Amino acid sequence: MAHKAGYVNIIGKPNVGKSTLMNAMVGEKLSIITSRAQTTRHRIHGILNTADYQIVFSDTPGILDPRYKLQENMLKAARSALVDADILIYLTEIDERPDPENVFLQKVARAKVPVLLVINKIDLSNQEQVRACMERWEEILPKAEKIPISAIKKFNVDSIFKRILELLPESPPFYPKDALTDKSERFFVGEMIREKILLYYKQEIPYAVEVEVESFKEEAKLIRISALIYVERDSQKGILIGNQGKALKKVGRESRLDMESFFQKKVFLELRVKVKKDWRNNEGFIKNFGYR
Ligand SMILES: Nc1nc2c(ncn2[C@@H]2O[C@H](COP(=O)(O)OP(=O)(O)OP(=O)(O)O)[C@@H](O)[C@H]2O)c(=O)[nH]1
Ligand SMILES: [Mg+2]
């Protein structure tokens, strides 16, 4: 059998379960997952290899109407997934009411590549709701195959997988056959810290945070990591650090445990907090963080 390879890009609104689905398909926790919208900010590749094929999944930021520069860059990352896909997965959840006027959806409808319209979170619904949802989407994306799943329960995820393998083009691999992702260890370390901040802080704080991993030094028995957490205002710095530094210590402890299990090695983690006024609208700052 000839070798197959291709890009399978997962797009959809914030919080529908794109990262959960990619992690389930790849079998590794590459993308962070939280109950908050706009958890994912970058395109992240998750690569699945066997002797016969290589599937390069792309997790993407949720599609939104940008309100500041960071979100403009997140939308660009999502849009870029329309361009280089061999197969598109438009992920939706049972409650989404698609807008026929939506420009992004119109682009998906005109896509030259196969589109799988995957309806997620069906564990929260009944058959009647799933049927109604499929009908709604039939009008918007008539050509797309419709597959209901639950990414969290891994229900019917194998149907997507089966279709992908049928649709995947014949091609040599794009990455070395032992590659798992395109992102660096530093990137994942930063994401583990950001995940804890998304989980433990309320309202605006997580959206005002960016994490820079300043150094990552692997020694024989230990990895030494130091990271800088940027916020936009002094008041946010105070909240992040918390009374007697307790809040930040919790972020540090929980992130370190994650890192130790990810790298299978002891980790020494140092965290500092710095104010960078209005960084979300600062093009130069955003570029430095790999948004383009
Ligand atoms: N009940 C249920 N919840 C799910 C399912 N899949 C994902 N979730 C939950 O939905 C929330 C969002 O999941 P994510 O995977 O972070 O969603 P996302 O589309 O990547 O979100 P953004 O990165 O913000 O665009 C999390 O709380 C998940 O646990 C599912 O099949 N059923
Ligand atoms: Mg995500």
Item to complete: Measure nothing but the geometry: give the 0 to 90° angle between the long axis through the Cα atoms of 127-140 and the longest principal axis through the Cα atoms of the chain, rounded to 10°.
Response: 80 degrees
Worksheet item: Does anyone have the angle between helix 246-263 and the longest principal axis of the chain? Alpha-carbon axes, 0 to 90°, nearest 10?
Response: 60 degrees
Item to complete: For region 41-199, give the magnitude of the charge dipole about the Cα centre (Cβ charges: +1 Lys/Arg, -1 Asp/Glu; no others), in debye to the nearest 20.
Response: 420 debye
Worksheet item: Can you work out D for the chain in µm² s⁻¹ from Stokes-Einstein, where Rh is the Kirkwood radius over C-alpha pairs, the temperature is 20 °C and the viscosity is 1.002 mPa s?
Response: 106 µm²/s
Item to complete: Please find, in a Gaussian network model of the chain (springs between Cα atoms separated by less than 10 Å), the residue of Ile122, Ile11, Ile87 whose mean-square fluctuation is greatest.
Response: Ile122
Practice prompt. Work out the length of the dipole vector of region 1-135 about its Cα centre, built from +1 on the beta-carbon of each Lys and Arg and -1 on the beta-carbon of each Asp and Glu, and round it to the nearest 20 debye.
Written response: 460 debye
Worksheet item: Quick one: helix 157-167 against the long Cα principal axis of the chain, what's the angle to the nearest 10°, folded into 0 to 90?
Response: 60 degrees
Worksheet item: Which of these, Ala51, Ala208, Ala144, has the largest mean-square fluctuation under a Gaussian network model of the chain (Cα springs below 10 Å)?
Response: Ala51
Discussion item. Taking amide H atoms as placed 1.01 Å from N in the peptide plane, list the residues 5 or more away in sequence, or in a different chain, whose amide H sits under 5 Å from that of Thr39.
Written reply: Asn15
Discussion item. Ratio of alpha-carbon Rg to the 2.2 N^0.38 Å globular estimate for region 148-292, to two decimals, please.
Written reply: 1.30
Worksheet, complete the sentence: Candidates Lys153, Lys76, Lys121; GNM for the chain (alpha-carbon contacts under 10 Å) flags as most fluctuating Lys153
Item to complete: Would you work out the relative contact order for the chain, in percent, from Cα pairs under 8 angstrom that are 6 or more residues apart?
Response: 18 percent
Response to the item:
Between the alpha carbon centres of region 250-281 and region 105-122 the gap in Å comes to 36 Å
Item to complete: On the protein heavy atoms, probe 1.4 angstrom, tell me the percent of accessible surface of region 1-126 carried by carbon and sulfur.
Response: 49 percent
Practice prompt. Mind putting a number on the dipole of the chain about its Cα centre? Charges go on the C-beta only, +1 for Lys and Arg and -1 for Asp and Glu, and I need it in Debye to the nearest 20.
Written response: 1000 debye
Worksheet item: Considering only protein heavy atoms, what per residue accessible area in square angstrom results for the chain with a 1.4 angstrom probe?
Response: 49 Å²
Worksheet item: Percent of accessible area on region 194-292 owned by carbon and sulfur, 1.4 Å probe?
Response: 48 percent
Worksheet item: With the dipole of region 135-284 worked out from charges on the C-beta (+1 for Lys and Arg, -1 for Asp and Glu) around the Cα centre, which of Leu141, Leu167, Ala220 lies farthest toward the positive end?
Response: Ala220
Worksheet item: What residues of region 1-30 lie in the reach of a label at Ser261, counting those whose backbone N is under 11 Å from a point 7 Å from the Cα along Cα→Cβ?
Response: 29
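The values are calculated or read from the model by the stated rules, or taken from the named source; none is laboratory data. Here the structure is a predicted model, which is why all the values come from computation and not from measurement. Glycine also receives a Cβ, built like all others from the backbone with ideal geometry; neighbour counts cover every protein chain displayed. To get the accessible areas, we keep the full protein, side chains included, count just its heavy atoms, and leave off ligands, DNA and RNA. Shrake-Rupley method; radii C 1.70, N 1.55, O 1.52, S 1.80 Å.
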